[in-house]
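Working notes, beginning with the structure itself.
The values are calculated or read from the model by the stated rules, or taken from the named source; none is laboratory data. Remember, it's a predicted structure, so these values are computed and weren't measured experimentally. Glycine gets a Cβ as well: all are built from the backbone with ideal geometry, and neighbour counts include every protein chain shown. These accessible areas exclude ligands, DNA and RNA; they are computed on the full protein's heavy atoms, side chains included. Shrake-Rupley method; radii C 1.70, N 1.55, O 1.52, S 1.80 Å.
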Amino acid sequence: MRIEIPYKMDSLTVEVAPEHFGAILELNEPECKCEKKSAVQIVSDAVAGTLEDFLALPGDVLVIVNDGTRPTPTRFVLEAIGAQLEKAQASFIVATGAHRAPNREEYDFIFGSWYDTFKERVYAHDARDMESMKYYGSTKRGTQLYLNKIVAQAQKVIVIGSVEPHYFAGYTGGRKGFLPGTAAYISIEQNHKLALSDDAHTLALEGNPVHEDMMEAVELIKAPVYSIMTVLDKDQEIDSVCAGSLKDSFENAIAAANAIFTVPLAEKADVVVTVARYPMDIDLYQSQKAIDNASLALKDGGTMILVSSCRDGIGGDAFYKLLSSADTPDEVMRKIDAGYKLGYHKAAKMVNVFRRATVQGYTELDDDMLRNIFITPVHDLQKALDDAIAKYGKDCKVVFMPDGSVTVPMVK
């Protein structure tokens, strides 16, 4: 059998014997088999009436958009509502969280043809610039909420996001436009420390301290907020859009996301090939999501092969330094217990996988860099797959996850 593996903006092909093929875990097709509307029409239908009413409220409008590491189809949303936002003289802030500012290619990915129209009113959030922050207060879990003054001074706010499962926040989207999106580094660090909890995992909201802390932080924001949450299908095209209040649009989008992103699996496999698909392949920090999801489909003692270009490098200095400073995964956890820094939650989630499986990486990263963090580099994907099958013998089964960053296996 020939299996196509997405890689960067292209694809690779591997072969696997039928007796070793377990499954291809792809996102579900929408239940409706009718002719699909265009992305612009889906967005237009979702915001009809309510967006116009929101823009009619007094005051200037600020639009929060995701950065280039997210698959959020902001450019298609703008095709539908860009003219209304231009008329309203909207400003934009890119919710980078703790990431770097976008480059020109990424700005084009985010804004599409509307970038030249809005670029003089587009700001990139810088979490490390405390002079640009306003303090809002603390949550009951001790997160000191500092938000970008551009957000704090906005008289009304539109948040454009996408909702898919997230390995410690439960789901992306909604409240993440504020925390971590436009929050100070200290606020992000304090919130993300809560990800060390066993209750912080994919699909979890109730009892998830990260999510509940984010929601409490959002309640401190007094400006009216209008939310446009998109849900993508397996081809990364818009399946549905939920618009309105932040809470309602987020909850409605979750229902749509579950129907697409949670995929049944008969049994766990000996080998899982998981792909961090563009643009989630930007670095190892983001690609970790494909590792975490794939672990749900992998037997203890199995082998996982991560396929991700990691075109921008490691991505998180703190988590890399932590992992590379330890000789064993257990030592990593002892160091986390001794003192948390932003990024350590990522290391902790990875260590949970390293403790029970072999992880290999087909990437553009330096071999020694990977070995230093318990990942075995591979350069021939077919050979790596063949060797892994040989390791487990005639009964070996392989599962492929072409969009591992957002596909959540659900073992029956």
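Laid out as a table, the results:
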{"item": "Close pairs from the range 357-377: first touching a residue at least 24 places away in the same chain (Cβ under 8 Å), partner open to solvent by 40 Å² or more (accessible area, probe 1.4 Å) and part of a strand (DSSP E or B), Cβ under 6 Å, at least 6 apart", "result": "Gln360/Thr376"}
{"item": "Test: residue in the range 2-16 that is at pLDDT below 95, more than 22 Å from Tyr226 (Cα to Cα) and open to solvent by less than 50 Å² (accessible area, probe 1.4 Å)", "result": "no"}
{"item": "Residue in the range 131-154 that is farthest from Leu194 (Cα to Cα), counting only those that are open to solvent by 40 Å² or more (accessible area, probe 1.4 Å) and touching a strand residue (DSSP E or B) at 6+ places or on another chain (Cβ under 7 Å)", "result": "Ile150"}
{"item": "Neighbours by Cβ (under 6 Å, 6+ apart or cross-chain): first from the range 103-131, more than 29 Å from Asn191 (Cβ to Cβ); second of a type in the set (A, V, I, L, M)", "result": "Trp114/Leu78"}
{"item": "Among residues of the range 212-248, those that are part of a strand (DSSP E or B), under 28 Å from Ala276 (Cβ atoms) and aliphatic (A, V, I, L, M), counted", "result": "6"}
{"item": "Positions within the range 361-412 being assigned to a loop (DSSP other than H, G, I, E, B), touching a Lys or Arg at 6+ places or on another chain (Cβ under 8 Å) and under 17 Å from Ala294 (Cα atoms), in sequence order", "result": "Pro402, Asp403, Gly404, Ser405, Val406"}
{"item": "Residue among Tyr123, Tyr115 that alone is of a type in the set (Phe, Trp, Tyr), open to solvent by 70 Å² or more (accessible area, probe 1.4 Å) and either modelled with pLDDT of 95 or more or not in a loop (DSSP other than H, G, I, E, B) (or both)", "result": "Tyr123"}
{"item": "Hits in the range 179-193 (condition: polar (S, T, N, Q) and open to solvent by 10 Å² or more (accessible area, probe 1.4 Å))", "result": "Gln190"}
{"item": "Residue count for the range 361-380, restricted to those that are closer than 16 Å to Ile314 by Cα, of a type in the set (D, E, K, R) and open to solvent by 70 Å² or more (accessible area, probe 1.4 Å)", "result": "4"}
{"item": "Some residue of the range 226-248 being closer than 30 Å to Glu19 by Cα, open to solvent by 20 Å² or more (accessible area, probe 1.4 Å) and not aliphatic (A, V, I, L, M)", "result": "yes"}
{"item": "Options Asp281, Asp300: the member that is under 23 Å from Phe400 (Cβ atoms) and in contact with a Cys (Cβ under 9 Å, 6 or more places away or on another chain)", "result": "Asp281"}
{"item": "Filter result for the condition that a residue is loosely packed, with under 14 Cβ neighbours inside 10 Å, touching a residue at least 24 places away in the same chain (Cβ under 8 Å), farther than 30 Å from Gln190 by Cβ and not hydroxyl-bearing (Ser, Thr, Tyr), over Lys383, Lys412", "result": "Lys412"}
{"item": "Residue under evaluation Glu86, criteria (1) at pLDDT 95 or above; (2) open to solvent by less than 20 Å² (accessible area, probe 1.4 Å), criterion not met", "result": "(2)"}
{"item": "In the range 292-317, the residues that are touching a residue at least 60 places away in the same chain (Cβ under 8 Å), aliphatic (A, V, I, L, M) and within 22 Å of Ile188 (Cα to Cα)", "result": "none"}
{"item": "Pick from the range 293-320, criterion modelled with pLDDT under 95 and assigned to a helix (DSSP H, G or I), ranking: nearest to Leu196 (Cα to Cα)", "result": "Phe319"}
{"item": "Filtered residues of the range 47-78 (kept if open to solvent by 30 Å² or more (accessible area, probe 1.4 Å) and of a type in the set (Gly, Ala, Ser))", "result": "Ala48, Gly49, Ala56, Gly59"}
{"item": "Positions within the range 318-343 being touching a residue at least 40 places away in the same chain (Cβ under 8 Å), open to solvent by less than 50 Å² (accessible area, probe 1.4 Å) and not small (Gly, Ala, Ser), in sequence order", "result": "Tyr320, Leu323, Pro329, Ile336, Tyr340, Leu342"}
{"item": "Meets criteria (of a type in the set (Lys, Arg) and in contact with a Lys or Arg (Cβ under 7 Å, 6 or more places away or on another chain)) for Lys321", "result": "no"}
{"item": "Qualifying position, being surrounded by fewer than 19 Cβ atoms within 10 Å (Cβ to Cβ) and hydroxyl-bearing (Ser, Thr, Tyr), among Thr407, Thr358", "result": "Thr358"}
{"item": "Output for the range 155-178, where each listed residue is open to solvent by less than 10 Å² (accessible area, probe 1.4 Å) and part of a helix (DSSP H, G or I)", "result": "Gly174, Arg175, Gly177"}
